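Data first, discussion second: the structure below is written as structure tokens.
The values are calculated or read from the model by the stated rules, or taken from the named source; none is laboratory data. What you see is a predicted model, and the numbers here were worked out from it, not measured in a lab. Using ideal geometry, Cβ is built from the backbone for each residue, glycine included, and neighbour counts are taken over all protein chains shown. Heads up: the accessible areas ignore ligands, DNA and RNA and are worked out on the full protein's heavy atoms, side chains in. Shrake-Rupley method; radii C 1.70, N 1.55, O 1.52, S 1.80 Å.
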Amino acid sequence: FITEEQATAARAETLKLRTPTDAVVHAEYVAEAVRQLVHSQYGAETTTRGLNVYVTVDASDQAVAYRALRRGLLDYERRQHYRGPEGHVDLPGDPAGLDTRIAEALTEHPDNDELKAAVVLEASGKKVVAVLQSGESITVTGDGLKPVTSGLADNAEPAKQIRRGAVVRAVRGAKSQGSGEWTLTQQPEVEGAFVAMEPRSGAIRALVGGFDFGKSKFNHVTQAWRQPGSSFKPFIYSAALERGFTPNTVVNDAPLFFDAGTTGSQPWEPKNYDGKFDGPMPLKTALAKSKNMVSIRVLQSTGVHFAQDWITRFGFEADKHPAYLTMALGAGSVTPLQMASAYSVFANGGYRVNPVLITRITDNRGRTLQQST
């Protein structure tokens, strides 16, 4: 699968894009999404007909997106409680046997791109010396040990303790350190997604569906249904504008309470994020301040069923957003791609375009079989 702008082909089985300089750009989730789209149209011929598929993804944008997502997830992981080493191995005393055992251990725990696997040779509360798969010895001190502090404590559980023989993860150039410094960390358990698209054409320029395609093929850009929260409020406000509200319409930011008879289940007393109520304010101010009470009142005035139908014009699915007042606070379900596409409607002055990933498909003789308009 190759970009339209940079038609230096990467072979499909690598599931990666390549730039003209032959630098690998991680686009595994892109390739799998394309494979599924093509297979849905051509079936078994997808892999036998010699098809060439050109995609909208830009290699440089994709590389930046991939790094940004991984950096964000690794930064988040450093703030979490240390769950312990990935394993422990018995290390012999003789150098030859030591090298062999380390190599065996790291074969079972391969590197994950910039997240390197390492076997600890010595460990204390102030310093950890470990060996990477390349054979390089690294020394981690100071801030580089903060994410694994609990694993270096004397009273740490044996399974979670960093000691000689522990298999750990290290990354070079942590956020607050120089580019040559190492930090001990762990494989992220949290996931994320990144998608960027041109609002006018719908062309997807970057798509990263998770931290590691090798670990999970689940594409969080297209398959992960999550609550959008306050990022959903502009769509509710746009429904109000359709109903006659204006940016200067004054709505009261005051407490609300709904008893069980009203909700049909449990009493509900929503709050603003900051816990404060600022009284009457223009609609544009309420949106800028993301006031929950105003959003609920706006939805009450607009009508939940009208709003539920209105948001389908942005590409949302009505059944994923039940017609209740909680819809004003983004209690429904969306995918990241849906959100990117929906916000493009605002950027386009009210026109909706569908996301586009494939620009054209040609056969093995270069004849165009399909082309996006």
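Looking at the structure I just gave you, is THR302 without any contact (Cβ under 8 Å) to a residue 40 or more places away in the chain and of a type in the set (Val, Ile, Thr)?
So THR302 fails the test.
Across region 237-246, what is the total count of residues that are surrounded by 12 or more Cβ atoms within 10 Å (Cβ to Cβ) and either assigned to a loop (DSSP other than H, G, I, E, B) or of a type in the set (Asp, Glu) (or both)?
3
Between a first residue in region 267-282 that is in contact (Cβ under 8 Å) with a residue 40 or more places away in the chain and a second residue that is in a loop (DSSP other than H, G, I, E, B), which pairs have beta carbons less than 6 Å apart while being 6 or more apart in sequence or on different chains?
What qualifies is PRO270/LEU256.
Name the pairs: first residue in region 307-334 and open to solvent by 20 Å² or more (accessible area, probe 1.4 Å), second residue acidic (Asp, Glu), Cβ to Cβ under 8 Å, at least 6 apart or on different chains?
That search, which allows pairs on different chains as well, returns TRP310/GLU242; ALA318/ASP309.
Out of (1) closer than 30 Å to TYR66 by Cβ; (2) open to solvent by less than 60 Å² (accessible area, probe 1.4 Å); (3) touching a strand residue (DSSP E or B) at 6+ places or on another chain (Cβ under 8 Å), what's the single condition that is false for TRP225?
It is condition (2) that TRP225 fails.
Determine, yes or no, whether THR56 is within 23 Å of GLN223 (Cα to Cα) and of a type in the set (S, T, N, Q).
When the stated conditions are applied, THR56 passes them.
Out of the helices (runs of 4 or more DSSP H) lying entirely within region 254-350, which hold 1 or more residues that are more than 24 Å from the chain's Cα centre (by Cα)?
260-263, 283-288, 292-302, 304-310
For ALA286, state whether it is in contact (Cβ under 8 Å) with a residue 12 or more places away in the chain and open to solvent by less than 50 Å² (accessible area, probe 1.4 Å).
Answer is yes for this residue.
Pick from region 174-188 the residues that are within 28 Å of ASN219 (Cα to Cα) and modelled with pLDDT under 95: which of them is surrounded by the most Cβ atoms within 10 Å (Cβ to Cβ)?
Step by step, filter region 174-188, then rank; the result is ALA174.
For region 358-372, how many residues are polar (S, T, N, Q), assigned to a loop (DSSP other than H, G, I, E, B) and more than 29 Å from the chain's Cα centre (by Cα)?
1
Kindly provide the set of residues from region 189-222 that are open to solvent by less than 50 Å² (accessible area, probe 1.4 Å) and of a type in the set (Ser, Thr, Tyr), ordered by number.
Across region 189-222, the qualifying residue is only SER216.
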